[in-house]
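What follows is a single structure, written as structure tokens, with notes after it.
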Number of protein chains: 2
Amino acid sequence: MQAVGMVVEFNPFHNGHKYYVQQAKEQSGADVSVAVMSGNFTQRGEPTIVDKWQRTQAALANGVDLVVELPVFSACQPAHRFAAGALSILNELGVSTVAFGAEHPDWDFLSLVKASESFSDGDMKNYTATYATQFNSLLSAQTGVSLTDPNDILSFAYNKAAYDNGYQFDLMPIQRVGSDYHDERISGEVASASAIRKAITDGTDYSHTAPAEMLERLAEVQTVPSWQTLYPLLRNQLIQAPVEQLRQTYQMAEGLEYRMKDCAQRSLDFDHFIHGVKTKRYTFAHLLRLCLYTTLQITEEELAGHVAQPYIHILGFTKKGQEYLHQVKKQVEMPLFTKVDQDMKDELCALDYRAGKLYQTFTAVEQDLKHAPIILR
Amino acid sequence: MQAVGMVVEFNPFHNGHKYYVQQAKEQSGADVSVAVMSGNFTQRGEPTIVDKWQRTQAALANGVDLVVELPVFSACQPAHRFAAGALSILNELGVSTVAFGAEHPDWDFLSLVKASESFSDGDMKNYTATYATQFNSLLSAQTGVSLTDPNDILSFAYNKAAYDNGYQFDLMPIQRVGSDYHDERISGEVASASAIRKAITDGTDYSHTAPAEMLERLAEVQTVPSWQTLYPLLRNQLIQAPVEQLRQTYQMAEGLEYRMKDCAQRSLDFDHFIHGVKTKRYTFAHLLRLCLYTTLQITEEELAGHVAQPYIHILGFTKKGQEYLHQVKKQVEMPLFTKVDQDMKDELCALDYRAGKLYQTFTAVEQDLKHAPIILR
């Protein structure tokens, strides 16, 4: 059996995702599809609209054969680490092809990757601009190509991860269709995930944009999970922990511990807080991830330890997915498991477990310990 | 001018307190009354029903001339530390008498204190009974007197603090009247503070039990502040912080860090959590205080540093209270101030400031920084 791999968030799973899964299978000619999916927090560091189990259920009912979790130490990271973590798992799982959406699938991403090899962190020291903006300026000056669309940026990151690690699978960009990421309108059967999240918050109709299995779960959402709700926990950590301790937080740099503590003391709600913290130096996504690391009390050292010990947590599978697992599991070198046990929650999967406990702010459901995988017969 | 001092919580200020203030002034013959009052958290480690400013306002309107704050590092402590912290402030303020309620004002507390001098911590090593129970058994065996009523226990603690420190003021126990502390019924014009808190929660009438100035504030209370509401903050700290860090928390001993972390992981509400943590070894009050220390991330070392640097934060005064302050302030050696400034919030008053930020879970009012004292003309 040949597999096509995908890196996804499915937040929520919608008609565009369904089309993309079909295209990935058709265009690759694969027998089975494998999705590496963010858990309960997205790449932007935000809580997902429904939990990882509900999103897995919808994905399995709509063309995905195997869903595995992208651990929080890779999922909530800038594009290059997100991509590297995801592709290392797909490589372990022996996929033949990795498919991904791109705004410009015709670009030669590999040559862009090679052109960027000479860039160093020393080139990105303008403290009034984000790292991404400075990187893009360099790339644009050298190649004439500007990476500004989110899926193009990820496409670049996948190509870089595959190139750096010498992965043998094919990379298959697929043209993004329908609505673009930044488009917040709902029109037709394909809308962006962010447009659907907005529609849920606004109470406007989105029922034609997602399959039934997802719509049923979304109908149960009372309040869209957000940092507004998590803010009291973040605020208390920023106020109660000494700056020396906050400084140990992963990615807490350039005095941000003082700035965040000060804004937390003065801000009773998250909007006020995050706009107080924002500068030209950091994107909102970077700061939202930092909010997550702070609330989870993840240190630089702890994160490095987890990145060095990756694993494959199986969230769910179809019959075909199960057959594929059976075929590849002997070649898999990473720990591969379907249930988190008492020891794993404190050691191997500690960060995912703690992120799941934080997600219990939104749902009473235990997210990890002894949770069985979703099986679609 | 001669002053009578009182150690109070006024949670809320009720008719029994009003009577007690009158008695303290009459029986002592003092010209002015001074109350050292817990801030926004009580001796039991619980949030107060209304904030310290509202309780100060009611006290000043009902016979108290000067209200100063008992800092959280003394206020949220077992009886002997609570009493020692409070009396050190009253001594600084030069009071002639300290008045306090007692169930048995006729007892010779000083002789009980002297009898207990030979007790050592080594006598209290039965891990299936609380420290207080073991202490009381020893005292009872030696003197025939059993300290079981809460105000008797505090009376003992005031006598001990005065004796240990050689304070020169008179100690004046006043017979407790009306309702006893454990009595949760409302009958007549005097009810216990706990009975009134229960009446507010239950929605039963308590309007005849407190003066108008307090009733107005209580009428604005939507939900009685409690650990139910603070629990998500405590839970997140217990889940996210490593046990090595939790072990540094003030009073975290005998492996409680493991027990509390485990219960937090398994408990979605505070009742479930605290009953899971409870053993015969610790009282609920002890555990509630430990919840507070944990949420405020107070370490043993930090607490000791603050205890070594006491101060007098003036919350409010009448004209007479102001005159008295003017009379004594030259003799006061502790820092004495009416406003917390930017430096004080991070250094001298850091614990009170952080407790005030935690109390903002219940009210948007800034509790310390630049807050002016209440002045009753």
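By its C-alpha gyration tensor, with a ≥ b ≥ c as the square roots of the eigenvalues, how is chain A shaped: rounded for a/c under 1.5, else prolate for a/b larger than b/c, else oblate? Rounded, since a/c falls under 1.5. May I ask what percent, to the nearest 5, of DSSP beta bridges between residues of region B:1-118 are antiparallel? Rounded to the nearest five, the antiparallel share is 5 percent. For the protein assembly as shown, the mean projected area of the C-alpha convex hull, equal to one quarter of the hull surface, is 36.3 nm².
In region B:139-159, whose amide N lies under 12 Å from the spot 7 Å out along Cα-to-Cβ of B:Asp123? List them in ranges. So the set is B:139-144.
Positive end of the dipole of chain B (Cβ unit charges, origin at the Cα centre): among B:Phe119, B:Ala308, B:Ala162, the Cα lying farthest that way belongs to B:Ala308. Considering only A:Gln43, A:Gln27, A:Val68, the residue lying farthest towards the positive end of the dipole of region A:1-123 is A:Val68, judged by Cα position with unit charges set on Cβ. The tail of the calculated P(r) for region B:145-260 beyond 18 Å holds 71 percent of all Cα-Cα pairs. Please find the FRET efficiency linking B:Val332 to A:Val307, where r is the Cβ-Cβ separation and R0 is fixed at 45 Å, and quote it to the nearest 0.05. Using R0 = 45 Å, I get an efficiency of 0.20.
Heavy-atom accessible area with a 1.4 Å probe sorts A:Thr294, A:Thr283, largest first, into A:Thr283, A:Thr294. With the label put 7 angstrom out from Cα along the Cα-to-Cβ vector, B:Thr143 ends up 8.3 nm from the copy partners, going from closest to farthest. Take the Cα of B:His104, step 7 Å toward its Cβ, do the same at A:Glu300, and the gap between the two points is 6.1 nm. Estimated at the nearest 10 Å², the accessible area of A:Cys263 is 10 Å² with a 1.4 Å probe. Using the Cβ of B:Ala264 as centre and a radius below 9 Å, the other residues enclosed give a net charge of +3, where K and R count +1 and D and E count -1. Remark: accessible surface ordering of B:Thr223, B:Thr143 (largest first) is B:Thr223, B:Thr143, probe radius 1.4 Å.
Accessible surface buried by the A/B pair amounts to about 1900 Å², both sides summed, 1.4 Å probe.
A:Asp341 label point (Cα plus 7 Å toward Cβ) to equivalent points in the other copies: 6.1 nm, shortest first. Let a ≥ b ≥ c be the square roots of the eigenvalues of the Cα gyration tensor of region B:337-377; is it rounded (a/c under 1.5), or, if not, prolate (a/b larger than b/c) or oblate? Taking the square roots of the gyration eigenvalues as a ≥ b ≥ c, region B:337-377 is oblate. Rolling a 1.4 Å probe across the protein heavy atoms gives the protein assembly as shown an accessible surface of 41 Å² per residue. Label positions at A:Lys370 and B:Asp271, each projected 7 Å from the Cα along the C-beta direction, are separated by 2.3 nm. Give the shape of region A:1-117 as rounded, prolate or oblate, defined through the alpha-carbon gyration tensor: a ≥ b ≥ c are the square roots of its eigenvalues, a/c under 1.5 means rounded, and otherwise the shape is prolate if a/b is larger than b/c and oblate if not. Since a/c reaches 1.5 but b/c is at least a/b, the shape of region A:1-117 is classed as oblate.
Taking all protein chains as shown and a probe of 1.4 angstrom, A:Asp202 keeps an accessible surface of around 90 Å².
Using a 1.4 angstrom probe on the protein heavy atoms only, line up B:His80, A:His14 by accessible area, largest first.
Order by accessible area, largest first: B:His80, A:His14.
Charge tally for A:Thr363 (other residues, Cβ to Cβ under 12 Å; Lys, Arg +1; Asp, Glu -1): 0. Heavy-atom accessible surface of A:Arg176, to the nearest 10 Å², is about 90 Å², with a 1.4 Å probe and all protein chains retained.
Here B:Ala304 yields copy-to-copy label distances, from shortest upward, of 3.2 nm, the label point defined as 7 Å from Cα along Cα to C-beta. Interface burial in region A:230-249, defined as at least 50 Å² less accessible area with all protein chains than with the chain alone at a 1.4 Å probe, covers A:Leu233, A:Asn236, A:Gln240.
Residues considered: B:Leu154, B:Leu315, B:Leu348. Largest GNM mean-square fluctuation over chain B, using C-alpha springs under 10 Å, is found at B:Leu348.
Working from label points 7 Å from Cα in the Cα-to-Cβ sense, the B:Thr361 to A:Lys280 distance is 4.1 nm. Using alpha-carbon pairs under 8 Å, 6+ residues apart, how would you state the relative contact order of chain B in percent? About 23 percent, as a whole number.
The values are calculated or read from the model by the stated rules, or taken from the named source; none is laboratory data. Here the structure is a predicted model, which is why all the values come from computation and not from measurement. Positions of Cβ are backbone-derived with ideal geometry, glycine not excepted, and every protein chain shown enters the neighbour counts. Note: accessible area is taken over every heavy atom of the protein model, side chains too, but ligands, DNA and RNA are not part of it. Shrake-Rupley method; radii C 1.70, N 1.55, O 1.52, S 1.80 Å.
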